[in-house]
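The values are calculated or read from the model by the stated rules, or taken from the named source; none is laboratory data. Small disclaimer: the values here were computed from a predicted structure and weren't measured. All Cβ positions, even for glycine, are placed from backbone atoms using ideal geometry, and neighbour counts span all protein chains on display. Surface accessibility is based on the protein's heavy atoms, side chains included, excluding ligands, DNA and RNA. Shrake-Rupley method; radii C 1.70, N 1.55, O 1.52, S 1.80 Å.
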Amino acid sequence: MFTTAPGSLTLTVGSAQEFNLGGGRPGYFAVSTNATVAVAAVSDTKLTIGAVSPGAAEISVRDSAGATTVISVTVTAPVLFSTSPPTVTLPIGPAGAQTYRIGGAGPFTATSSNIAVVTAALGPDNTLVLTGVAAGAANVVLRDKFGTTITIPVTVATGSNLPLFTSAPPSVTIAIGGSASYLVGGGAPAYMATSSNTNVATVSIAGGNLTVIGVAAGSANILIRDSAGASLTLAVTIGGGTLTVNPSGATALIGDVLIAKVTGGRAPYSAVVSNVAVADATISFDGTLQVTVKQQAANVPILISDADGLTTSFALSSSVGQPSIQLSPSSLTISELSTDPIALRVYGGNGAVTAFSSDTSMLSAIVSGNTVTVSTGSKGNRCVGVDTPVTISVVDSTGALATSVITIKNSTSLVCP
């Protein structure tokens, strides 16, 4: 008699594995020395071993002539985890509540060391909801059915005491007909913005979002004020200057359509793929670059030019998609100066898909259908002191996980407030 099962086997609670039986004298049967830890069943020539609870057991498999094979089974508990960052900062009030995915061996419990500061609640589909109540600090403790715990330090902050700031550098270059968006924060809302020369550049502001539109070649100053009279000046040059693309590159799956934004220079723009078999690329008058991935390849540059011959490039790598859940692009780099939303594509997966960010202060993630939209997080800007990676995760209803690493690139033209 033989079995394809190994002599020793490790399983996670709730999982099962199937093996083949053969030889000897059929029929076969199996028994466990501890059915509270592991169980076994035989159907014809198929042996199934299932994990019930943490511990150790032996599975004895016999044929009708009495030949016996023993399989040692070790059952481990699923690892308790949370997609929250190591420490969480919340504003006061339900509007600033943060939701994170939790996993492991349920049912779970969540308790706050000080419910007057922060409350912790378990939401649907194994989610943890943290809500700031009052300024202060508290610990939230997650516990699984086996008593394993995770402690999450939480700080609840009062309103911002930052001075008026913008994510825009002191001077920017925008193409004629192009636009650039920046974050305005701190100070005393509401904010106002005016252009010194609307024939060259116009400006609008809604909440904390500032948009500058290039009208004609030339220069203008954008004056930003808060309600307390604090002000900032942004020097704008329309046409010419440096040509940039954001994100500057991405790794994607075959069939993906990637979108990037070209700023600076002077329209019209052109995009040329160094290997036309790998991707198609088009670019609109307003600087929107669209790349359609056709074939697997690594390090394929896309050359972008403006009307004056200024150039920059978009670095593309591509790969074949896998049958499990995938998030594409799997990696990309963006500038800290950008506040544009980023669209990621979900492939595969079963049932409802939930999206999470490893650092919700920098980037937040919301899923709709098979698209994950990544926006600026609770910090209000993407300003970083060094290049900073943020992991966006998606989890389907079976617990399958896929990630995309977005690296926020530090810019020497911006000093964080």
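Checking each residue of the stretch 206-214 against the condition of being in a loop (DSSP other than H, G, I, E, B) and closer than 28 Å to T407 by Cα gives at least one match. Here's a check for you: in the stretch 74-106, which residue that is of a type in the set (A, V, I, L, M, F, W, C) and outside any strand (DSSP E or B) is farthest from the chain's Cα centre (by Cα)? Of everything passing the filter in the stretch 74-106, A77 is farthest from the chain's Cα centre (by Cα). Taken over the stretch 126-144, residues that are within 17 Å of G96 (Cβ to Cβ), open to solvent by 40 Å² or more (accessible area, probe 1.4 Å) and assigned to a loop (DSSP other than H, G, I, E, B) amount to 2.
Quick check on the stretch 142-156. Is at least one of its residues under 20 Å from R382 (Cβ atoms) and touching a residue at least 12 places away in the same chain (Cβ under 8 Å)? Within the stretch 142-156 (the criterion being under 20 Å from R382 (Cβ atoms) and touching a residue at least 12 places away in the same chain (Cβ under 8 Å)), the answer is no, since none of the residues qualifies. Restricting S231, S335 to residues that are closer than 24 Å to Y182 by Cβ, surrounded by 19 or more Cβ atoms within 10 Å (Cβ to Cβ) and in contact with a strand residue (DSSP E or B) (Cβ under 8 Å, 6 or more places away or on another chain) narrows the list to S335. Listed conditions (1) part of a strand (DSSP E or B); (2) β-branched (V, I, T); (3) surrounded by fewer than 18 Cβ atoms within 10 Å (Cβ to Cβ) are all met by I408, apart from (3).
Scanning the stretch 150-181 for residues that are part of a strand (DSSP E or B) and open to solvent by less than 30 Å² (accessible area, probe 1.4 Å) returns I152, V154, V156, F165, T166, V172, I174, A180. Pairs needed: first member in the stretch 243-258, without any contact (Cβ under 8 Å) to a residue 60 or more places away in the chain and over 10 Å from P329 (Cα atoms); second member anywhere, assigned to a loop (DSSP other than H, G, I, E, B) and of a type outside the set (A, V, I, L, M, F, W, C); C-beta distance under 8 Å; at least 6 residues apart or different chains. Nothing qualifies. Restricting attention to the stretch 113-125 and to residues that are open to solvent by less than 30 Å² (accessible area, probe 1.4 Å) and in a strand (DSSP E or B), the residue that is nearest to G14 (Cα to Cα) turns out to be G123. The test for being modelled with pLDDT of 85 or more, over 16 Å from A180 (Cα atoms) and not in a strand (DSSP E or B) holds for V276.
Taking the criterion of being in contact with a Leu (Cβ under 7 Å, 6 or more places away or on another chain) and crowded, with 16+ Cβ neighbours inside 10 Å, the residues of the stretch 85-96 that qualify are V88, L90.
Conditions tested, residue by residue: (1) under 19 Å from N246 (Cα atoms); (2) surrounded by fewer than 18 Cβ atoms within 10 Å (Cβ to Cβ); (3) in contact with a helix residue (DSSP H, G or I) (Cβ under 9 Å, 6 or more places away or on another chain).
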residue: D359; (1), (2), (3): no, no, no
residue: S368; (1), (2), (3): no, yes, no
residue: T376; (1), (2), (3): yes, no, no
residue: C383; (1), (2), (3): yes, no, no
residue: D387; (1), (2), (3): yes, yes, no
residue: D396; (1), (2), (3): no, no, no
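Taking each residue of the stretch 10-34 that is under 30 Å from L80 (Cα atoms) and looking for partners that are among the charged types (D, E, K, R) and at pLDDT 90 or above with beta-carbon atoms closer than 7 Å, six or more apart or interchain, yields E18/K46; T33/E58.
Inspect the stretch 267-281 for any residue being open to solvent by 50 Å² or more (accessible area, probe 1.4 Å) and under 23 Å from the mean Cα position of the chain (by Cα) and give the result as yes or no. No, the stretch 267-281 contains no residue that is open to solvent by 50 Å² or more (accessible area, probe 1.4 Å) and under 23 Å from the mean Cα position of the chain (by Cα). Here G147 clears all of (1) open to solvent by less than 30 Å² (accessible area, probe 1.4 Å); (2) in a loop (DSSP other than H, G, I, E, B) except the condition numbered (1).
The residue that is farthest from the chain's Cα centre (by Cα), counting only those in the stretch 182-216 that are modelled with pLDDT under 90, surrounded by 17 or more Cβ atoms within 10 Å (Cβ to Cβ) and not hydrophobic (A, V, I, L, M, F, W, C), is G214.
Would you mind stating whether D44 is within 30 Å of T4 (Cβ to Cβ) and either open to solvent by 30 Å² or more (accessible area, probe 1.4 Å) or of a type in the set (A, V, I, L, M, F, W, C) (or both)? Here the answer is yes, as D44 does meet what is asked.
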